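Let me begin by presenting the structure, written as structure tokens, before commenting on it.
The values are calculated or read from the model by the stated rules, or taken from the named source; none is laboratory data. From a predicted model like this one, the values you see are computed outputs, not experimental measurements. Positions of Cβ are generated from backbone atoms using ideal geometry, with glycine treated the same way; all protein chains shown enter the neighbour counts. Please note that ligands, DNA and RNA were not included when accessible areas were found on the heavy atoms of the full protein model with its side chains. Shrake-Rupley method; radii C 1.70, N 1.55, O 1.52, S 1.80 Å.
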Amino acid sequence: MRCTSLIVGSVMALILSLPVGAQAQGAKAPFEGHYAEVNGMRLHYASVGQGPLVLFLHGYPSFWYQWKDQMIEMGRDHLAVGLDMRGYNLSSRPQGLEPYTMPHLVEDVRQFVEKINGQGRKFILVGHDWGANVAWVFAMFHPDMLEKLIIVNGAHPFISERELRENPAQRYASNYFFVFNKFLAPGEQPVDETDTRESATRRAHTGFVDAEVKSGRYTEADRQMWIEAWSQPGWTTAGLSYYRANHRNPPSNDRHPASTIPTSWSAAEVTKGAKSTTIQVPTFVIWGMRDTAILSSHLSGLEKWVPNLSVKLYPEDTHWVMLEKARPVAEDIRQFIESKTFPKESVYRAPAR
């Protein structure tokens, strides 16, 4: 426990010292670190502000910090909370696959919200990637708990099943699912699941984190936050367990014949027992159109499953639009929460210089 406390202390001290960007006018990020004992897990979360709850759920390979800018914005007059989902960063990492099945992930959110928000009080849920997968299903099981739902580049369960089965482009884009699930075609290599500071440092000097540093949107202190999270032993296996436990892969693609794939994504399976698979809660979807993992075809037909739907497109941005357009996405979230006449369709256009 002493070792864990030291890690938490050093991480949160670093958080408190971080510059949060021009939008905060040079102020330091006032995040507070906490733990909640829920659903047999010890879940770590960061929070800022006071007021109605806005809960942010991250995906793979991430942790609460991806939402820092949006949390700071909403923390001006809300309680903005970024949760480290089970298996990630400083939260509990159960062994095996069964603990990562969808019912446990949804129940984590339910119990967590009731613990910090009280029973009978509605809240706003924001999710990205795997956090969005959980948020979609949570809205089907517990619509009475939600005031509004916000999804950022996150596949709806039923739309995703359609795309994985019927869209060759999406099956091609989802080939990494097979690798994550250890369904390897000839020549494919398994994921290295060894987590060390050295591997975390290499990772943070490539990919989306490095892109943020090179763009000037992230500082070296921001990069260090990701290195700290990715240095936690076992986080990679835990994150991949979300895919493996919930059969998150297509039934086949050009390199993986159906005869070699024993399981695939089933929306009926992950939503079994839901109150309704039609989400009536007011829902806002933000989409970076250059997402190469979850293609924009996931927006087609979404209104069938989500009648009260608004969509905003970011044509020049990727899966990590909340990093690339941190301030505009934060403003979108605020406007959707506060507005009663939010547009059903809109497109981000850079301000004229």
Theoretical ellipticity at 222 nm over the chain - DSSP helices of four or more residues, -39500 (n - 2.57) apiece, nearest 500 = -11000 deg cm²/dmol
For the range 198-353, dividing by residue count, accessible area per residue (probe 1.4 Å) in Å² works out to 46
Go through I333, A132, M289 and say which Cα lies farthest out towards the positive end of the charge dipole of the chain; charges sit on Cβ, +1 for Lys and Arg, -1 for Asp and Glu.
-> I333
Return the sequence-ordered ³J(HN,Hα) values of the range 149-157 in whole Hz as given by the Karplus equation 6.51 cos²θ - 1.76 cosθ + 1.60 applied to θ = phi - 60°, using x for Gly and Pro.
-> 10, 10, 10, 10, 6, x, 6, 5, x
How high is the FRET efficiency between H34 and D144 when r is their beta carbon distance and R₀ equals 25 Å, given to the nearest 0.05?
-> 0.45
Have a look at P52, S252, S215 and report the one farthest towards the positive end of the charge dipole of the chain, computed about the Cα centre with Cβ charges (Lys/Arg +1, Asp/Glu -1).
-> P52
5 angstrom amide H check on L53, placed H, neighbours 5+ away | L79, I124
Each label sits 7 Å from Cα toward the beta-carbon; between L97 and Y176 the label points are separated, in nm, by 2.1
How many nm separate the modelled label positions at A352 and E303, each set 7 Å beyond the Cα in the direction of the Cβ?
-> 3.0
Extension length gain for S296 and E198 (0.36 nm per residue less Cα distance), in nm, is 31.8 nm
Taking H placed 1.01 Å from N in the peptide plane, check which residues at least 5 places from F284 or on another chain put their amide H under 5 Å from its amide H.
-> L149, I150, I151, S310
Nearby lysines by direct alpha-carbon distance to K272 (threshold 26 angstrom, same-chain neighbours under 8 apart not counted) = K115, K122, K148, K182, K304
Radius 12 Å from Cβ of D210, net charge of other residues (Lys, Arg +1; Asp, Glu -1) = +2
Peptides 281-290, 264-273, 179-188: what's the order by average Cβ count within 10 Å, highest mean first?
-> 281-290, 264-273, 179-188
Cα gyration tensor shape for the range 249-305, rounded if a/c is under 1.5, else prolate or oblate | oblate
Write down the percent of antiparallel bridges among all DSSP beta bridges whose residues are both part of the chain, to the nearest 5.
-> 30
Percent carbon-and-sulfur accessible area, the chain, ignoring ligands, DNA and RNA, probe 1.4 Å = 54
Identified option (computed Rg and Dmax of the Cα atoms in Å; candidates [x] 19.2, 57; [y] 28.1, 116; [z] 21.0, 65) = [x]
Keeping every protein chain in place, order E338, E331 by accessible area at 1.4 Å, biggest value first, i.e. largest first.
-> E338, E331
Let me know the Rg and Dmax you get for the range 215-282 when you use only its Cα atoms, in Å.
-> 18.6, 47
Karplus-derived 3J(HN,Hα) from phi for the range 344-353 (6.51 cos²θ - 1.76 cosθ + 1.60, θ = phi - 60°), whole Hz, x at Gly and Pro, runs 5, 9, 8, 9, 6, 10, 4, x, 5, 8
